[in-house]
Structures are given as C-alpha cells and as structure tokens.
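K.L.:
Mind having a look at this structure? Questions to follow.
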Amino acid sequence: MSAPTAVRPTEDELQAQFDATIAADRRIEPRDWMPEKYRAGLVRQIAQHAHSEIIGMQPEGDWLLKAPSLRRKAVLLAKVQDEAGHGMYLYSAAETLGADRADLTDKLVNGKQKYSSIFNYPTLTYADCGVIGWLVDGAAICNQVPLCRSSYGPYARAMIRVCKEESFHQRQGYELLMTMMRGTPEQRAMVQDAVDRWWWPSLMMFGPPDDDSPNSAQSMAWGVKRHSNDELRQRFVDMSVPQAQALGVTLPDPELALDETTGRYRFGQIDWTEFKQVISGNGPCNEERITRRRAARDDNAWVTEAATAYAAKHAAR
Amino acid sequence: MSAPTAVRPTEDELQAQFDATIAADRRIEPRDWMPEKYRAGLVRQIAQHAHSEIIGMQPEGDWLLKAPSLRRKAVLLAKVQDEAGHGMYLYSAAETLGADRADLTDKLVNGKQKYSSIFNYPTLTYADCGVIGWLVDGAAICNQVPLCRSSYGPYARAMIRVCKEESFHQRQGYELLMTMMRGTPEQRAMVQDAVDRWWWPSLMMFGPPDDDSPNSAQSMAWGVKRHSNDELRQRFVDMSVPQAQALGVTLPDPELALDETTGRYRFGQIDWTEFKQVISGNGPCNEERITRRRAARDDNAWVTEAATAYAAKHAAR
Amino acid sequence: PADLGAYCLMLGDDALVLCQRLTEWATRAPELEEEVAIANCGLDLLGQARLLLARAGSCGVLGRSREHATDSIPDEDALAYFRDPDEFVNHHLAEADGGDFAQTMVRLLVASTARLALVAHLRGSRDPVLSAIAAKGVPELTYHRDHAARWVLRLGDGTEESHRRAQAGVDAVWPLTADLFTATDVERRLVEQGVAVDPADTRDEVRDVLTMVVERATLTVPDWPADRPSPGRAGEHTDELAPLLATLQGLAREHPAATW
Amino acid sequence: PADLGAYCLMLGDDALVLCQRLTEWATRAPELEEEVAIANCGLDLLGQARLLLARAGSCGVLGRSREHATDSIPDEDALAYFRDPDEFVNHHLAEADGGDFAQTMVRLLVASTARLALVAHLRGSRDPVLSAIAAKGVPELTYHRDHAARWVLRLGDGTEESHRRAQAGVDAVWPLTADLFTATDVERRLVEQGVAVDPADTRDEVRDVLTMVVERATLTVPDWPADRPSPGRAGEHTDELAPLLATLQGLAREHPAATW
C-alpha cells in the first residue's frame, strides 16, 4: 500500500476556508491557517490588552500599602493579583499566535506598543480605587464582553474568564463608593471629586468616534471587534447614569440628559485633544508607569538570568 | 363715576382660555376656571396618590419596631414620617380643587377610591424595606418626575418636593441592600428573595399596557400625564438593570436582555391577570391594609371629636 | 468612667424604650399630622438614645452584650440589641404599655417634663459629652412636652368621653412618678463630681408643671405617690418590658454576624 | 484571656508586618508569575493577621488603640491602624527592610519556616479558635516556605551574581533568628495551660530545615546567633518599623470617624 497523497491546499483555498469559518461565526484556532494581517492585528490587540492589565496594576497598587482597613487591603490585593493573572492569560493567548512574551514586554517598556490611556491618570485619594472599579472596570467590561465572542478561540476563552473577574471588581469598587458615601462629609467629597476626574477619561476608553476610527472596519469584518466605539460608549453611559443616581453622585457633564424619544442618554462633547495628548505619551503619568515597569524588568534581570542558568544546569544533569 | 361694568365671560370663552393655557404649557391655578372633568379627574388622581402614600406607610411600618440597628430604625422612621408628610401635601392639593380630606379618607376605607396596588404585597424580611426603597420608590419616581410638570400648579409643586424626598429614600433603600449584600450569606439570600418577589409587581406599577389604558389619552391631552405607561415602564427597566448588576442580584426574568439595536432592555411578559386580581381587591394584603386604616379612623374617632369640641369651645369664649 | 457609662445607660434606656412605645403609634395615630409629630418625637428620642449608648460603650460599660454581639456591631447596637431585660435600667414609666391615645399622651407629658427638667440642668455637667447631648436635647424635649400638653388640654377639655379617658390616663400614669426622684448610688457619686443631676432637685419643678397642665385640662390631679428607689434603675422590670425587647431585638439577634 | 489576647497579638503582628513588607513587591517583582505568588502569600498572611487581631480584640486586648479609633471601626482595624510602634509586638525579622529580591526570599524562607513549625504545633492548642486559625495556616505557610525555598535554590545555584546576592541575603537575615526561640512570660504561662507552643521546642526543626535548604542552594550557613529574648515582643523596635506603620496607618488615621 502506498501512503495517501498529501494534497497541499493552495493559499486561495486556505483563504476561502478562513472566510467561511468567519462567515459561519465559528472560531479560528491556533493550528488553523490565517491571513498574516489577521494574525498581526490580533497580536497587536491582545498585547495592548495584556499591557493594559499590567500597567493597570500600578494606579491601584500605589494604595496597597495604604488601604484604610484590613478588609479593603485584602480586596485590593486580590484585585491586583487578578490583574497580573489576566496579563498572564493574555500574553499566553498572544503566544499561541507566535509572539514572544519577553519581546512584547520590551515593546511595552520601549513605548513601541500602547496600553489603555486611562492608566496615565493619577490616583489621588482612596476614592479613586472605587471609581476605577466602578467606571474604568465598567467601561472595560462594556468593551470586553463582546470580545468573549471574538473569532480567535484562545482570545475569546481568555476574555470569558477576564470578564467574569472584572465584573466582580466592578461591584467591589461600587460597594466601596457606596460605603464612602455613607461615611463622613470628607469621604463623600472624595467620591465626588474622583468621579469628576475619571468620568471623561472613562468615556475616552472606547476610542475615537466612529468617523475617526481607521482600524475598526476591518476588525469588525473579521469578527475581532463586534460593535462600534460610539455604540459601546453610549451603552456605557446608559448603564452608568442610573448607577450614579443610586450612588448619589453627580456626573460632571451639564449636557447629560435623558433623550425622551430614544430613552437613551445624550452627553456632552468629549475633549479629543486631551485624548490624543494622553495617547501620544503626554498624559500626567505616562512616564512614571513605563519607568516602573522598565525598572521591574531591568533591576531584576539578574533574577531571570539566575532562573535560566539554574534551569539549564539542572536540565543538563 | 359708575362702577366699571363687569363683563362676565361665557363658558366657551373660559374653555378657550383654559385650552390656551394648556397649549402654552402654562399652569392652571386653583382660582382659574377648569372643565369639570379635568377637576374630577385630577381629584381622583391626586387622592389615589395621597392614599398610596398613606397605605404605603404600612408595609415598612411593620418593621419600625423591629429594625435591626438603631441607625436603620432612624432611617426608616424618618422615611415613614416623610410619607405621612407626602400624604398631607397631596390631600391639601386635592382640597384646592374643592375636595374634603375626611371625605377622601372615607372613600379610601370604604374601598371607593384606589391606591397603588403594590402595597398589597407583604413585607417578609428586612430586605423588603430595601427593595421597596430601590424598586418601588424607583418606579414611583419614574412615574412622578413627569408630574412635576403637571398642568395643575399645586399638584406640580407638591410633586417637586415629593420627588426630591423619594429619591433620597430610593438611595437609602439601595444602600441598605448594598450593605446586606456585603454581609452574611443569609443576608444576601434575603436580598435576592425580596428582589424576586418585588420585581414584577414593580413593573405593574406603571399601569396596564398602552393598548389597554382607557384614561391615558385624555390625561395626556390635558398635560396631567406626560408619558405613556409603556414608555415609563421601559425607562424603569433600563434604569434598574445596571443598578441590579452593581448590586450583584439577578432579576427574575429569563427574557431580560439588551436589545443591541436600540440599546434598551427587552423583558418578559407581565402577568396582567395577577395585576387585575390585586387591583380589584384580591391581593395578599388588601384587606389588612384597609382594615388598619379604618381602625385608625374609627378607634380614634373620639380624639377627633374631642379636638373639634375643644376648638369650638375656645373659639366661642 | 464606669459610673459615667452607667449613668448614660440609664438616660439612654429611658429614651430608647419610650421611643419604641411611641413608635407603636407611627402608622395608627388619629391624624396624619399626629403621625408626623409622633415620628418626630420618636426620632428625637432615638437620637438621644444613640448618643448616650455610644457614650456608655466608649466608657467600657457594655455588660454582657459583647458576649453575643460580634465585633462588627457598634456599641450602640450591642447595647440596644444584645442586653437581656435584667440589664436594662430604664424607669417603669418608659416601659409601661401605652394604653389608648389619651394615656399615651399623658405618659409622654410626664416623661418629657421629667426628662426636660433633668436635661436642662445637665447642660452644666462637667462631662463635655454629656453637656453637649443635653444641650441638643432641651429644645427637642420642650417640643415633646408642649405637644403632649396640648393634647392633654384638648382631651381633658374636649368631649365627655375624652375627659373620662384623659382622667383614666392620668390616674394610670401618676403612680409611676414614684420612681423618678430618688438618685441611685451612681448618680449620687456623679452629682458630687458635678457630672450628673440629682433627680430630687427636679421634683418640685416637675410636679408644678404637671399640676398646671392637668388642672388647666379640667382634670383632677391625683395624690402624688411616695418617692421610692427606682426598681427599673436596678434592672427590675415589669412584665411589659420583655415583650417590648423581644420585638426590638428579635431580628438583630437572629443574625448576630450580620451588618445592616 | 488577657494572656491569650497578647499572644494572638504577637502572632498577628508578625503576619501583618511581614505582609506589608511583601506587598511592597506586588507590582515590581521579576515576573508576572512572581507578582501573583507574592500577592498570594500576602493575602494568606493578611488573613491570618485579621483573624488573630480580631481574636485579640475579643479578649479585650486593645491597648491604647480605642482612644483614637471610633466605635464604628472594628477591633482588627483599631489594632492594626491605631496602635503606635511601641505597642506592636512583632519580631524584628518581620519589620526589617526587604533589601533586594534575594534577601526578600531568604527572609520569607526563614519567617515561614519558623511560623510553620510553631503553627503546626498550635493545631493542638486547647483554645479552639487558636487551633482553628492554626489549622488553616499550615497549608498556607507550607506553600510560602516551599516557594521561598525554590527561589533560594535557584538564586544560590544560578549565576555568580545571584549566588553572591543570595549569600548576602542569608548573612543579613541570619542574626534576626536570635529572637525567635525565647518564650515571653505570656507564652510561658499559656504553654503551661496547653494553649501556646514554646518556641524553643521548634528551634531544632527550624534550624534543620534552613540548613538543608541553604546547603542545597550551594550557600554557606552562617553561625547561628545566640538566643535572646525578643525585643520586638516587648515593643522595642528598629527604626524600620515606624515608617512602615506610617504608610500602613496614615490614611486611616487621617479619617478616624470614617468607615471604609
């Protein structure tokens, strides 16, 4: 018996198969053929997301040592730990596409890859930890829930776990704010101040308006992205206004009002100039965030080298 | 000089003036002429609203003696007090239309006038106090905010004050639930159970669906009512879902889902048979609520008589 | 500080227990206006009770309550919800069943007149917290007394039935004044230090006010009972306290680990 | 119960202070995996500290903390946030500055080995709460010790630089073991009652484990220091504790009436 002739499919056939998978809303898995641009786009998106988790540990991490009760300290420590975990899953998902984690980290600390610009704002009081949970994690969830249906399997699966944990964090943040609102006048003022500072940056987390978002169309066609920036932003506003009311805080937008015809909330104009400034590295804390991460890599390089050397010796024996 | 001839306007002229006031979205005041049906409809609506405040003191009043902390006891006592106050303003507003408070009370205790059917459900655990604040007061606010622009001046002004206080109650109810959700497993279970029992009745508070609501059209034309039942109900659902998420409870409706096109929430079918049963006096607590109120009137009739007799004596002296 | 704590507990328990009795009327008073007024009095008394119990707790006077209450429960609630009847030190005047509306108003008149006389003097206490609590209480209690007095006037001088009921109320409440004017050892020690007020010093003033109101209400002032040491202050209570506390404390005790 | 409370405070303070030191690494460890592991150890220690401080509070051991903390603050927080350095009773081993990653891991190895030995015996304590806390702690501390031991092995037997740093870490931490094995009077009384464990009884076991790990890591075991009574247990601390507590306590003390 002769071995069956291996029929090697042509590039066109592979492309057709890929298109059919996407069209049927089925998932692409690591062993499947995929267009180079799809792969590159995904690596960029997943890496950016992973970087955001890692950099996102810092604004709250600053408060780990200063949390005002042991219970809040435990909650915050568990949250920061979850974020490190999210970073790990996401880098793993990127590695299934052939990326290398050390290389991605280099790109982060050299400013070659971006992370969510929201983390370039400072955390001034403990209320910021609550508002980051409520608004920033809330916006992240609005962005990420559709990614649980991403066309790329490992990414979609990572996102399911991430979203579940994020929504737990969101509730804890909101609960902190609720507790503070029930506390002293100073605590209430801290909450309002934090909401005033984080509201607009949270709206910016959904990215530029649809008419100025160049990569969106291709991402939506490939089933990597599922909703337009503006639609997700609107959804976030619709969700946050009732939560703000229940909390008893004012959102810093005089134009915010229920549109009686559509039942959705109109809101004011976002300052896209600020957004572009922060995204292009001129936010209040960009330098600090990257420096901390670079230091973690560089100051501990000897540890990584030691671990590698040890592994090599003991594999050799 | 002879006195100026008083020109007495005809009924048609008065009607035209009334219509013009309504059309211009200005307010009708007690001294203004108004159509008899407008007056009667308003008296019915305001009385029903006043009765609801008074009967509404009972479901929570049951817990006044049993509140589980002194702070919650103070909050609840202040709330029940506010409700009595609301009843007072609203009866006063009805009196500006020529109604008599004792007569309205008689109609209530004889079952001739209705009150919100929501108060015919029992309060089984302390979580019910929180859920009444969150959902029942929340629904009341959705219903009442548009009434602050009612065409009848005294009613509109009463509603402004009522709404402000109600929204304070809503926040306190929500805050109680938040605190309970952070407590023991039993407390969390109580909250979920109360939400399960009150969600559907809250949706019924907006009245029958638009295609089955006979009085609505005239009320809307007169500027007494401003939005359709279904629109207000939808608004309430859109507001409550994000609040439920922040709280960490499930709303008991498997069909509840975000409609991705409209950005609003679809929800399941309301059991209008139950609604009609409760409204027509067959709810779990209708008898009990009315009986308590009748007893307050009858058992204390001697007090009222004494007060009248005393006032008469001392006016006469 | 143990004496100060014990004293705060006496004044706090009187307020807490009377608040509970008043609150029974919150949704069944003769008029809406009266429901508002009763809730007002209840809220004032509750506020006084909370400050006084918290002060007692911060003096370390927690009795056996902390054996049942978990750490997350603040002192005011540990004391209110986790003491048994024999640890309550209110006068019998506060715990007595309310009777009808007339008796309720007579009791409120007597209780607020006595408490006002005491609290007015307490504003000069050497203990700054006690003196601040007293200063806050004076206008509140003045309102309670005047509100109750107005009802006693109207009922006494209203109809035949209301007169009869008001007199019955006066006759039922009067004997309870026996307990109000004898200082306990704790009070005597604190009086010496300028911290507490000797209730005996308020007796004449209290009797004068009550006599005047009752007479103006065309009612008969009964004989004043002989003063005696208050059994309530020693933790001895009538059968009426236990059910009142069972209602007050039931839910909180069911869930000792809960926060509300 | 005062002895029991004081003993819980010792064990609780060791956990709380070491947790704070470890947490300094939570967002700057060499690898993401290590940040997760460090947060894990921190959470375990924090959990032990909370149970032990709450137990101390319920034994009435609150020191001067209640003078500053308001009633709404639970005992665990009153003790953690409102004691001054001279009321903390942790060993110097817990409060010492962390140094580099190697020294941090050596300290974690020593602290978790000593604590594990103690806690393993404490499972048999006559005090049921203490024995339950101990039973929960054993698997946690076993993980901490093994995790730290793996790093000491890798660093000792890794590169030349890491070997040098690991040896420096061992040399810096070793003298601190002098405090670990002498019982205080409180401990001695509780040992007699079968409540506490005499730390002297764990010395051989602790030294054996540490010697084995350090030798396998190709490092030199320094001379063991002579045992001495722990100054930390008596409230005497190095200059390193006050700044650590200032960071830990600053926000809470700024808002003593707040609830979080």
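The values are calculated or read from the model by the stated rules, or taken from the named source; none is laboratory data. Note that the coordinates shown come from a computational prediction; the quantities given were computed from them, not determined experimentally. Counting neighbours? That spans all protein chains shown, and the Cβs are built from the backbone with ideal geometry, glycine included. Note: areas computed on protein heavy atoms with side chains; ligands, DNA, RNA excluded. Shrake-Rupley method; radii C 1.70, N 1.55, O 1.52, S 1.80 Å.
K.L.:
So which residues in the stretch B:239-260 are within 10 Å of chain A (Cβ to nearest Cβ), open to solvent by 20 Å² or more (accessible area, probe 1.4 Å) and free of Cβ contacts under 8 Å to residues at least 40 places away in the same chain?
P.N.:
Of everything in the stretch B:239-260, those that are within 10 Å of chain A (Cβ to nearest Cβ), open to solvent by 20 Å² or more (accessible area, probe 1.4 Å) and free of Cβ contacts under 8 Å to residues at least 40 places away in the same chain turn out to be B:245, B:258, B:260.
K.L.:
Can you tell me which residue within the stretch A:155-179, out of those that are aromatic (Phe, Trp, Tyr) and under 15 Å from residue A:132 (Cα atoms), is most open to solvent (accessible area, probe 1.4 Å)?
P.N.:
Out of the qualifying residues, it is A:168.
K.L.:
So if I check each of B:92, B:69, which one is at the interface with chain C (Cβ under 7 Å from one of its Cβ atoms) and more than 26 Å from residue B:276 (Cα to Cα)?
P.N.:
Selected residue: B:69, the only one of B:92, B:69 that is at the interface with chain C (Cβ under 7 Å from one of its Cβ atoms) and more than 26 Å from residue B:276 (Cα to Cα).
K.L.:
Could we say that residue C:55 is within 12 Å of another protein chain (Cβ to nearest Cβ), closer than 16 Å to residue C:241 by Cβ and charged (D, E, K, R) here?
P.N.:
no
K.L.:
If residue C:146 satisfies all but one of (1) without any contact (Cβ under 8 Å) to a residue 60 or more places away in the chain; (2) in contact with a Leu (Cβ under 9 Å, 6 or more places away or on another chain), what's the number of the condition it fails?
P.N.:
Evaluating residue C:146 over (1) without any contact (Cβ under 8 Å) to a residue 60 or more places away in the chain; (2) in contact with a Leu (Cβ under 9 Å, 6 or more places away or on another chain) leaves (2) as the failure.
K.L.:
Something else: Please go through (1) at pLDDT below 95; (2) surrounded by 20 or more Cβ atoms within 10 Å (Cβ to Cβ); (3) within 14 Å of chain A (Cβ to nearest Cβ) for residue D:99 and return the number of the only condition it doesn't satisfy.
P.N.:
(2)
K.L.:
Just name the residue that is surrounded by the most Cβ atoms within 10 Å (Cβ to Cβ) out of those in the stretch C:12-26 that are touching a residue at least 24 places away in the same chain (Cβ under 8 Å) and facing another protein chain (nearest Cβ under 9 Å).
P.N.:
That would be C:16.
K.L.:
Anything in the stretch D:129-141 that is out of contact with any helix residue (DSSP H, G or I) (no Cβ under 6 Å at 6 or more places or on another chain) and closer than 18 Å to residue D:110 by Cα? List them, or say none.
P.N.:
D:139
K.L.:
Hey, can you tell me all the residues within the stretch B:281-300 that are under 26 Å from the mean Cα position of the chain (by Cα), open to solvent by 30 Å² or more (accessible area, probe 1.4 Å) and closer than 21 Å to residue C:101 by Cα?
P.N.:
Passing the criteria: B:291, B:292, B:294, B:295, B:297, B:298.
K.L.:
Continuing with this model, one more query. Please verify whether the stretch D:36-50 includes one or more residues that are open to solvent by 10 Å² or more (accessible area, probe 1.4 Å), in a loop (DSSP other than H, G, I, E, B) and either among the β-branched types (Val, Ile, Thr) or at the interface with another protein chain (Cβ under 9 Å from one of its Cβ atoms) (or both).
P.N.:
no
K.L.:
Same structure again: Identify, by number, the condition in (1) more than 25 Å from residue B:223 (Cβ to Cβ); (2) within 14 Å of another protein chain (Cβ to nearest Cβ); (3) in contact (Cβ under 8 Å) with a residue 24 or more places away in the chain; (4) open to solvent by 40 Å² or more (accessible area, probe 1.4 Å) that residue B:111 doesn't meet.
P.N.:
Just one mismatch for residue B:111, condition (2).
K.L.:
Hey, can you tell me all the residues within the stretch D:72-87 that are surrounded by 20 or more Cβ atoms within 10 Å (Cβ to Cβ), over 18 Å from the mean Cα position of the chain (by Cα) and not acidic (Asp, Glu)?
P.N.:
D:73, D:74, D:78, D:82
K.L.:
Right, next: Taking the stretch A:206-234 only, how many residues are open to solvent by less than 40 Å² (accessible area, probe 1.4 Å), touching a residue at least 24 places away in the same chain (Cβ under 8 Å) and closer than 18 Å to residue A:116 by Cβ?
P.N.:
8
K.L.:
Another one. Residue under question is residue A:303, and the condition is that it be within 26 Å of the chain's Cα centre (by Cα), free of Cβ contacts under 8 Å to residues at least 60 places away in the same chain, assigned to a helix (DSSP H, G or I) and on the phi < 0 side of the Ramachandran plot; does it hold?
P.N.:
When the stated conditions are applied, residue A:303 does not pass them.
K.L.:
Quick check on the stretch B:267-280: of everything there that is touching a residue at least 40 places away in the same chain (Cβ under 8 Å) and open to solvent by less than 40 Å² (accessible area, probe 1.4 Å), which residue is nearest to residue B:252 (Cα to Cα)?
P.N.:
Among those that are touching a residue at least 40 places away in the same chain (Cβ under 8 Å) and open to solvent by less than 40 Å² (accessible area, probe 1.4 Å), it is B:270.
K.L.:
Test each condition in (1) surrounded by fewer than 23 Cβ atoms within 10 Å (Cβ to Cβ); (2) within 25 Å of residue D:37 (Cβ to Cβ); (3) among the small types (Gly, Ala, Ser); (4) over 20 Å from the mean Cα position of the chain (by Cα) for residue D:166 and report the one that comes out false.
P.N.:
Single failed check for residue D:166: (1).
K.L.:
How many residues does the stretch B:85-98 hold that are surrounded by 22 or more Cβ atoms within 10 Å (Cβ to Cβ) and of a type outside the set (Ser, Thr, Tyr)?
P.N.:
Residues that pass the stated criteria total 5.
K.L.:
Can you tell me which residue among B:136, B:145, B:131 is surrounded by 18 or more Cβ atoms within 10 Å (Cβ to Cβ), over 19 Å from residue A:182 (Cα atoms) and within 14 Å of chain A (Cβ to nearest Cβ)?
P.N.:
B:145
K.L.:
Just a yes or no: is a residue in the stretch D:54-73 of a type in the set (A, V, I, L, M), modelled with pLDDT of 90 or more and within 26 Å of residue C:63 (Cβ to Cβ)?
P.N.:
Yes, that holds for at least one residue.
K.L.:
Give the number of residues within the stretch B:169-205 that are in a loop (DSSP other than H, G, I, E, B) and in contact (Cβ under 8 Å) with a residue 40 or more places away in the chain.
P.N.:
Going through the stretch B:169-205 one residue at a time, the tally reaches 1.
K.L.:
Then there's this: Which ones in the stretch B:261-284 are in a loop (DSSP other than H, G, I, E, B) and either away from chain A (no Cβ under 14 Å) or in contact with a helix residue (DSSP H, G or I) (Cβ under 8 Å, 6 or more places away or on another chain) (or both)?
P.N.:
Selection gives B:263, B:264, B:267, B:268, B:269, B:270, B:271, B:283, B:284.
So that you can scan it fast, the table gives a plain yes or no per residue for (1) touching a residue at least 40 places away in the same chain (Cβ under 8 Å); (2) open to solvent by 20 Å² or more (accessible area, probe 1.4 Å); (3) part of a helix (DSSP H, G or I):
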site	(1), (2), (3)
C:170	yes, no, yes
C:178	yes, no, yes
C:197	yes, no, no
C:210	yes, no, yes
C:219	yes, no, no
C:239	no, yes, no
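K.L.:
Another question, if that's okay. So is residue C:216 under 30 Å from residue B:313 (Cα atoms) and either modelled with pLDDT under 95 or within 14 Å of another protein chain (Cβ to nearest Cβ) (or both) or not?
P.N.:
yes
K.L.:
If you don't mind, there's one more thing I want to ask. Going through C:69, C:29 one at a time, which residue ends up being more than 10 Å from chain B (Cβ to nearest Cβ), open to solvent by less than 20 Å² (accessible area, probe 1.4 Å) and in a loop (DSSP other than H, G, I, E, B)?
P.N.:
One residue alone meets the criteria, C:69.
K.L.:
Could you pull out the residue among A:129, A:142, A:163 that is assigned to a helix (DSSP H, G or I) and over 18 Å from residue A:76 (Cα atoms)?
P.N.:
A:142
K.L.:
Also, quick follow-up: Go over the candidates C:142, C:104, C:113 one by one and state the one that is within 16 Å of the chain's Cα centre (by Cα) and open to solvent by 30 Å² or more (accessible area, probe 1.4 Å).
P.N.:
C:142
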